[in-house]
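Read through the structure below, which is laid out as structure tokens, and then see the notes.
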Amino acid sequence: MNRINQQLQSELELDIKDKNYSNKMTLIINEIILNVVSDLVYLMKVDHGNTFRYVYANEAAYKRANINEHSMGLTIQEVIPGEFANYLQEQYEKAVTLNEPIVFQDNLVMNGKEIYSESILTPINDDAGQCRYVVSVTRDITDKMQEKFRMLESQQRYKSLMDHNMDAVISVNESRTILNANPSTYGITGYTEKELTHLLFLSLVASEHGKKVDQLFQDTLQGKTKDNITCQIVHKSGMLIDVQLKMIPIVVNVEIKGVYIIMRDITEQLRSNEVLKFITYHDHLTGLPNRSSLKEDIHQVVSKSKEHDQIFGLMYLDLDRFKFLNDSMGHYVGDLLLKEVAQRLTSLKEINQNIAVYRQGGDEFILIIEDTNRCQTQDVADQVLSLFQTPFLLTSQEFYVTPSVGISMYPKDGLDEETLIKSADTALSNVKDRGRGHYQFYSQDMQKGDSQTMLLETCLRRAIEKDELLLYYQPQVDLYTGEVYSYEALLRWNCGLLGFVSPADFIPLAEETGLIIPIGEWVIEEACLQLNKWRSKGHTNISVAINLSGRQFQQPNLVEFIKNAITSNNIDPSQIEIEITEGAMQDTRETIGILNKLKEIGVQISVDDFGTGYSSLSYLKRFPLNTLKIDQSFVRDVLSDEKDAAITTTIIHLAHSLGFNVVAEGVELEEQAEFLRRMDCEKAQGYLFSKPVPASQIEKEFLK
Ligand code: C2E
Ligand code: MG
Ligand code: MG
């Protein structure tokens, strides 16, 4: 009590003497002071209802507010400066007017630190009901306020997270009723906030996914954490929306009170996944499933066939001479052809739903025929061939293209993708070797062919150095006079290991392996050498026709090589005739260039196997040619087949109208020679006159 002003103290003592009044005051003050000692406690005397003077302040007030003994007896305005004094005055007046405790909060700087405070002003009345004192208790609530701010902030953050979340976030109680949802939910579901609230969440889920979603809900309620699931929800419009859905338990005081359901619309994502998948598994040009697709599908077809004990067929299709067409007509035309082929092949699916068509790459296609047998597969192969009977109309030009097809059957020819494709490919190579434009089923002995090819290749590599190559000569006979002035040089290989090997067998292999280059050069050299020998024996008006393969024709030093061989053997260039097949001569500027150079050095040029190529014949006018050789396939049936007779006649007329000579190949019968003579064909070669024979025999029989 030592801090109470003397004058006021005596007044207080008087009041305290009033027993009732003092008891009441003591009780209140004691209770406050004793119970809340760390609070700032003031006792204010009320004068005339609106002047408040300090009569008491506790330790805490002395320490923390700017209160000291001199403050006692002073008014609020005398102790506290400015605005804040007015504010306090108002509060005190309010407590007195209301005649009940009032609470107010403010923040103030105490000892240089900003604090939040809460004050309770309790008016104390005398017996007459007059307010005589006000007890003020000010409590530091900085910590409490900060906590409150923190809560508010985190609530705002949470709200912001919800409001701006791209995902729909829905809170659902334990009975699956929606409590609230964020704005994204309205977008994904099409429902408004009002429509969603109190709705059962499962009513949003597509019925077929209801069970799975509810199971996830129950698991989440039990605190089991689960992965995302994908399911469909039903938009208000009835449209199904693909969503990825996650559930998180709402934990309040360690108890799960509900579930947050987070949903992401993945319709777009799925769509772009689908597009991506399409690109990965389809061929860009034709739109057909590609090799990756085939790989996966075969895997499935194998397991399905295994399970149901079924057979399936695999057709490996390759377009004949596609490279030639692509190179000569341009890639644009090549692409058009591939697209058209893809379309024609796909049309097979309309007749037989068990057929699937793939583009394996380049000009190769693969067909899978499920649940079939050999006979049915053969029917499909026939249908495939018939698809190519109509010409392809590409940039207003007609092209006849044939396919070669190799077929393997599951399980006979292979149990997996790799083996089945390999078997079909082996069969395909066989078709190619035998003249293309057909199909063949794989058979075991084709494998042997493979190792035989390898052996052949090994031997062929050593053929030149082992001196195993020979040239035979076949006379070309003048059909009117019977005289022979030209011979075709035909290569023979007397292999030490394999015996005589037919050029039909080793020339394609030599072309494939590149061995044709040294072999071809040997032929040119050897033919010139032979002409030189005959020349030295006085036979100066003989010419020899040398066959050139396509690959040789593309050799940059070809013309130079021929020229050297001619010069070094001291023969006349007109004694050499170069035979090139139509296929080897592409209708390009390069070809014309090479042919012109050959012409310049003075050699003759003839087109071998004329009529079997696919050329448009327009080249005949542009190329510097001398001779057309009618292919033996036409000559063979010239007497029995009207078509072949017509073709042969036409070729002869065509050649003459262009100023070319004609040589008919493969003449075996006098009647054929007679026919050719009648049609004005001037020369022929064939077994009727002589088989290809060694040079020594030519000398004996023809150069007497
Ligand atoms: P090609 O140039 O068309 O040669 C004509 C083929 O017909 C020769 O076959 C010849 O023996 C054969 N032949 C000739 N008269 C008759 C006949 O009356 N009846 C039958 N059935 N066949 C007849 P060969 O010698 O087996 O040559 C086959 C092919 O190999 C040649 O066809 C030619 O394309 C190629 N060839 C041969 N020698 C060479 C060469 O030195 N270089 C190149 N690049 N290819 C060659
Ligand atoms: Mg020839
Ligand atoms: Mg020929």
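Can you give me the convex hull volume of the Cα atoms of the chain, divided per residue and expressed in Å³?
It is 317 Å³ per residue.
If you wrap segment 611-704's Cα atoms in a convex hull and average its projection over all directions, what's the area in nm²?
7.1 nm²
What distance in nm separates the two pseudo spin-label positions at GLU483 and LEU688, each 7 Å out from Cα along the beta-carbon direction?
The modelled label-to-label distance comes out at 2.0 nm.
With each pseudo-label sitting 7 Å past Cα toward Cβ, what's the GLU296-TYR260 distance in nm, one decimal?
3.6 nm
For LYS113 and GLU83, what does the FRET efficiency come to when R0 = 22 Å and r is the distance between their Cβ atoms, rounded to the nearest 0.05?
0.65
In vacuum, with every alpha carbon of segment 258-317 counted as one equal point scatterer, what does the Debye formula give for log10 I(q)/I(0) at q = 0.18, 0.21 Å⁻¹? Two decimals, please.
-0.80, -0.91
Mind listing the long-range amide H neighbours of VAL638? Cut-off is under 5 Å, sequence gap 5 or more, other chains count too, H placed in the peptide plane at 1.01 Å from N.
When sequence neighbours closer than 5 places are left aside, there are no close amide H contacts.
Once you compute Rg and the Kirkwood Rh from C-alpha atoms, what is the Rg to Rh ratio for segment 351-437?
0.99
Per residue, how many Å² of accessible area does segment 217-366 show with a 1.4 Å probe?
Result: 56 Å² per residue.
Would you please give the FRET efficiency between ASP467 and LYS349, computed as 1/(1 + (r/R0)^6) with r the Cβ-Cβ distance and R0 = 56 Å, to the nearest 0.05?
Here the calculated transfer efficiency is 0.45.
Quick one: if you take sqrt(5λ) for each eigenvalue of the C-alpha gyration tensor of segment 547-650, what semi-axes come out, biggest first, whole angstrom?
Its equivalent ellipsoid spans semi-axes of 28, 15, 11 Å.
Could you go through segment 667-673 in sequence order and give the Karplus-derived ³J(HN,Hα) for each residue, using 6.51 cos²θ - 1.76 cosθ + 1.60 with θ = phi - 60°, rounded to whole Hz, and x for Gly and Pro?
7, 10, 10, 4, 5, 5, 4
Compute the normalised compactness of segment 488-545: alpha-carbon radius of gyration over 2.2 N^0.38 Å, N being the residue count.
1.33
Taking the alpha carbon gyration tensor of segment 218-339, what are the square roots of 5 times its eigenvalues, largest first, to the nearest whole Å?
Semi-axes from the Cα gyration tensor: 51, 22, 12 Å.
Would you mind calculating the gained length between GLU174 and GLU268 on full extension (0.36 nm times residue separation, minus the Cα-Cα distance), in nm to one decimal?
30.6 nm
Please list, in order along segment 476-491, the HN-Hα scalar couplings obtained from phi with the Karplus expression 6.51 cos²θ - 1.76 cosθ + 1.60 (θ = phi - 60°), rounded to whole Hz, x for Gly and Pro.
Ordered by residue, 3J(HN,Hα) equals 10, 9, 6, 5, 8, 9, x, 7, 10, 10, 10, 9, 8, 7, 10, 6 Hz.
In whole angstrom, how far apart do the alpha carbon centroids of segment 652-679 and segment 97-154 sit?
Comparing the Cα centres of segment 652-679 and segment 97-154, I get a distance of 128 Å.
At q = 0.09, 0.10, 0.16 Å⁻¹, what is the log10 ratio I(q)/I(0) for segment 428-579, with the Debye formula run over Cα points and no solvent?
One equal scatterer on each Cα of segment 428-579 leads to -0.36, -0.44, -0.96.
Name the long-range amide H neighbours of THR402: under 5 Å, sequence gap of 5 or more, or other chain; modelled H, no Pro or chain starts.
ASP320
Between ASP637 and ASP126, what is 0.36 nm times their sequence separation minus the Cα-Cα distance? Round to one decimal in nm.
This chain segment gains 169.4 nm when fully extended.
Counting only protein heavy atoms, what percent of the accessible surface of the chain is carbon or sulfur at a 1.4 Å probe?
50 percent
Assigning unit charges at the beta carbon (Lys, Arg +1; Asp, Glu -1) and nothing else, what dipole magnitude in debye, to the nearest 20, does the chain show about its Cα centre?
1000 debye
Residue separation times 0.36 nm, minus the C-alpha to C-alpha distance between SER396 and MET239: what's the value?
So the chain would gain 51.7 nm between SER396 and MET239.
Compute the acute angle (0 to 90°) between the alpha-carbon long axis of helix 82-98 and the principal axis of greatest extent of the alpha-carbon atoms of the chain; round to the nearest 10°.
70 degrees
Using alpha-carbon positions, what is the distance between the centroids of segment 554-600 and segment 182-248, in Å?
Their Cα centres are 80 Å away from one another.
What FRET efficiency do you get for LYS159 and ARG622 if R0 is 51 Å and r is their Cβ-Cβ distance, rounded to the nearest 0.05?
Approximately 0.05, to the nearest 0.05.
Return the calculated 222 nm mean residue ellipticity for the chain, to the nearest 500 deg cm²/dmol, obtained by summing -39500 (n - 2.57) across DSSP H runs with n ≥ 4 and dividing by the residue count.
-14000 deg cm²/dmol
Under the rule of at least 5 residues apart or a separate chain, name every residue whose amide H is placed under 5 Å from the amide H of VAL693.
Placed amide hydrogens put TYR473, GLN474 under 5 Å from VAL693.
Starting from one equal scatterer on each C-alpha and no solvent at all, send me the Debye-based log10 I(q)/I(0) for segment 372-414 at q = 0.14, 0.16, 0.26 Å⁻¹, two decimals.
Debye curve over Cα of segment 372-414, log10 I(q)/I(0) at q = 0.14, 0.16, 0.26 Å⁻¹: -0.46, -0.54, -0.91.
List the equivalent ellipsoid semi-axes of segment 48-126 in whole Å, largest first, each obtained as the square root of 5λ for an eigenvalue λ of the Cα gyration tensor.
Over the Cα atoms of segment 48-126, the ellipsoid semi-axes are 20, 16, 12 Å.
Per residue Cα convex hull volume for segment 108-182, in cubic angstrom?
190 Å³
Starting at the first residue of segment 253-260, write each ³J(HN,Hα) from the Karplus equation 6.51 cos²θ - 1.76 cosθ + 1.60 with θ = phi - 60°, in whole Hz, x for Gly and Pro.
6, 6, 10, 7, 9, x, 9, 8
Order the following by accessible area, largest value first: HIS235, HIS331, HIS656. Probe radius 1.4 Å; ligands, DNA and RNA are ignored.
HIS331, HIS656, HIS235
With each pseudo-label sitting 7 Å past Cα toward Cβ, what's the GLU147-SER38 distance in nm, one decimal?
1.2 nm
Quick one: what do you get for segment 357-507 if you divide its Cα Rg by 2.2 N^0.38 Å?
1.43
Could you bin all the Cα-Cα distances of segment 437-490 into 10 Å bins starting at 0 and give me the percent of pairs in each, rounded to whole numbers?
It works out to 18, 22, 22, 25, 13, 0, in whole percents.
The values are calculated or read from the model by the stated rules, or taken from the named source; none is laboratory data. Predicted model, so just to flag it, every value in this text is computed and none were measured. Cβ sites come from the backbone with ideal geometry, for glycine too, and all protein chains shown count toward neighbours. Only protein heavy atoms, including side chains, enter the accessible area calculation; ligands, DNA and RNA are left aside. Shrake-Rupley method; radii C 1.70, N 1.55, O 1.52, S 1.80 Å.
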